[in-house]
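Undergrad: Can you read through this structure? Questions will come right after.
The values are calculated or read from the model by the stated rules, or taken from the named source; none is laboratory data. Remember, it's a predicted structure, so these values are computed and weren't measured experimentally. Using ideal geometry, Cβ is built from the backbone for each residue, glycine included, and neighbour counts are taken over all protein chains shown. Ligands, DNA and RNA are stripped out before the accessible areas are found, and what is left, the full protein with its side chains, is counted by its heavy atoms. Shrake-Rupley method; radii C 1.70, N 1.55, O 1.52, S 1.80 Å.
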Amino acid sequence: MDDFKSAAAAVCMVSAGICAVRGLVSGTSLRGKVEMILKMVFAIVLLAPVVGGCKDAELPRLGSYELSEYGYSMELYNAELAKQAKDNLTAVLVQQMEANGVECGKIEVDVNISADGGISISRVTVSADDFDRAAEIIRSCLGSGTEVVDGNN
């Protein structure tokens, strides 16, 4: 509170000084230069308490609790990301099967999330009346290297 009072008193004193100097140089050619110097002095007086308060400020330290909580939340995030990717891929594959006239009972997609956030599809298990046609559709959607397993067996 004392810092606030001293800052307010300094602003009042500088303002009074500015008014007095303006009155003295109002008719001279130095008016513009004196105005600029007075504005800089006023800005310094206004910023001094802020700068003085910032030098004592410290950033909070992260404890082991926050770091371990972050690791746990990343595991949850990756698990949810894998689940969402699996659900979305399954829905797209079902739509593709229906569009191509293949009766499909069940599609299971195995999704892996790498440490850098990459998504890879390791295997697709499909139960369909025409497995060969279903496997062809899945490979056309996901790539020719995708492992397609017959879920009927």
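Undergrad: Applying the selection to segment 66-83, what residues are more than 17 Å from the chain's Cα centre (by Cα) and modelled with pLDDT of 80 or more?
TA: A79, E80, A82, K83 - these are the residues of segment 66-83 that are more than 17 Å from the chain's Cα centre (by Cα) and modelled with pLDDT of 80 or more.
Residues checked against (1) small (G, A, S); (2) at pLDDT below 80; (3) exposed (fewer than 12 other Cβ atoms within 10 Å of the Cβ); (4) over 30 Å from C141 (Cβ atoms):
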position	(1), (2), (3), (4)
S26	yes, yes, yes, yes
L46	no, yes, no, yes
R61	no, yes, yes, yes
S64	yes, yes, yes, yes
A85	yes, no, no, no
D110	no, no, no, no
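Undergrad: Which members of segment 98-108 meet the condition of being open to solvent by less than 50 Å² (accessible area, probe 1.4 Å) and under 37 Å from the mean Cα position of the chain (by Cα)?
TA: Across segment 98-108, the qualifying residue is only I107.
Undergrad: Going through A115, A91 one at a time, which residue ends up being over 18 Å from N152 (Cα atoms) and modelled with pLDDT under 85?
TA: Answer to the check: A115.
Undergrad: Continuing with the same structure: Select from segment 28-44 the residues that are assigned to a loop (DSSP other than H, G, I, E, B) and open to solvent by 90 Å² or more (accessible area, probe 1.4 Å) and write down the one among them that is farthest from C12 (Cα to Cα).
TA: In this case the residue turns out to be S29.
Undergrad: Are there any pairs, at least 6 apart or on different chains, whose C-beta atoms fall under 9 Å, with the first in segment 4-33 and closer than 17 Å to I44 by Cα and touching a residue at least 24 places away in the same chain (Cβ under 8 Å) and the second open to solvent by 80 Å² or more (accessible area, probe 1.4 Å) and of a type outside the set (V, I, T), and if so, which?
TA: Qualifying pairs under 9 Å: A7/L46; A10/L46; V11/L46; V14/L46; I18/K39.
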